[in-house]
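Derivation of every value follows stated rules applied to the coordinates shown; laboratory data play no part. Just so we're clear, the structure is a prediction, and the values are computed from it rather than from any experiment. Note: ideal-geometry Cβ built from the backbone for every residue, glycine included; neighbour counts use all protein chains shown.
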Amino acid sequence: MKLVSKTRHGARVHKVYDTAQTAYQRLLECGGLSQNKRTELAAIYGGLNPVRLLSQINANLEQLWKMAERPSAT
């Protein structure tokens, strides 16, 4: 989230933030990408499945914890 404005009300500070965006959304908004790169990133972004990514992360973490629990062979 990006800070849009900050105002003081006595001793208190009121901060106003922009709506949260993903890195992909910020890239599209900045306008610095070629059409080919936009198409390539759109294909990658469209193919992402957050539920599957989470399960892969959890499976990898389980493997790491199992490796950490094994006694070292020294």
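If the chain linking Leu48 and Trp65 were pulled fully straight, counting 0.36 nm for each residue of separation and taking away their Cα-Cα distance, it would gain 3.5 nm. Helix 50-69 and the longest principal axis of the C-alpha atoms of the chain enclose an angle of approximately 50°.
Each eigenvalue of the Cα gyration tensor of segment 34-74, multiplied by 5 and square-rooted, gives one semi-axis; in descending order these are 37, 13, 4 Å. The modelled label-to-label distance for the pair Ser5/Ser34, using points 7 Å beyond Cα in the direction of Cβ, is 4.1 nm. Scaled against the 2.2 N^0.38 Å expected of a compact globular protein of N residues, the Cα radius of gyration of the chain reads 1.89.
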